[in-house]
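Peer 1: Can you read through this structure? Questions will come right after.
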Amino acid sequence: MPSVAEASKPALSLKGQKILIVEDQFLIAMELQESLEKAGATVVGPVGRLDRALSKVEDDGLNAALLDVDLNGERCWPVADLLSRAGVPFAFTTGFSAHIVVPERFAGRPVVAKPYREGEILSAIRKLLSLP
């Protein structure tokens with residue numbers, strides 16, 4: 001039987017992983033940050049504006065990113081392009097139908113539909129990082 005300390009540990013350890021959060025809705029961004037930090041990740045951001053997100057991509061050592069498709073009316077595609085060139089895996093988060101809004105060049109990228117649960121986000125991160 002697991003100890004109390006073991007039972008309180010998240011199923012997925014993201015210790016040592018640096019995850020960028022790009023999300024313009026404050027409460028959603030805070031929930032994402034809390035979930036990822038609880039799993040042991042270091043969160044970069046969250047940022048809710050395209051210009052700030054672009055500058056965060058330059059942060060050395062990013063392991064993965066979660067990108068809200070719509071940032072106050074601007075699309076996150078420039079951030080996704082930079083992450084692609086840098087070889088940083090990422091997933092989109094959106095309340096829109098993914099097949100309508102995601103450009104063809106990102107067709108194979110994971111999309112997590114809003115509203116989502118913590119487990120869905122952690123599962124997406126696990127897949128991005130190729131963790132068991």
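Throughout, read-outs are computed from the coordinates displayed, never taken from laboratory work. All of these numbers come straight from a predicted model, not from anything done at the bench. Quick reminder, even Gly has a Cβ in these numbers, built from the backbone with ideal geometry, and neighbours come from all protein chains shown.
Peer 1: For every helix of n ≥ 4 consecutive DSSP H residues, a contribution of -39,500 (n - 2.57) applies; sum these over the chain, divide by its total residues, and give [θ] at 222 nm rounded to the nearest 500 deg cm²/dmol.
Peer 2: Taken over the chain, the calculation gives -10500 deg cm²/dmol.
Peer 1: Would you work out which of V44, S123, F106 lies farthest towards the positive end of the dipole of the chain? Charges go on Cβ: Lys and Arg +1, Asp and Glu -1.
Peer 2: S123
Peer 1: Just flag the chymotrypsin sites (Phe, Trp or Tyr not before Pro) in the range 34-132 sitting in loop per DSSP whose Cβ has no more than 15 other Cβ atoms within 10 Å.
Peer 2: F96
Peer 1: Checking a compactness column here: for the range 47-132, what do you get for Rg(Cα) / (2.2 N^0.38 Å), N being the number of residues?
Peer 2: Dividing the Cα Rg of the range 47-132 by 2.2 N^0.38 Å gives 1.03.
Peer 1: Could you give the size of the charge dipole of the chain about its Cα centre, using +1 on the Cβ of each K and R and -1 on the Cβ of each D and E, expressed in debye and rounded to the nearest 20?
Peer 2: Dipole size: approximately 340 debye.
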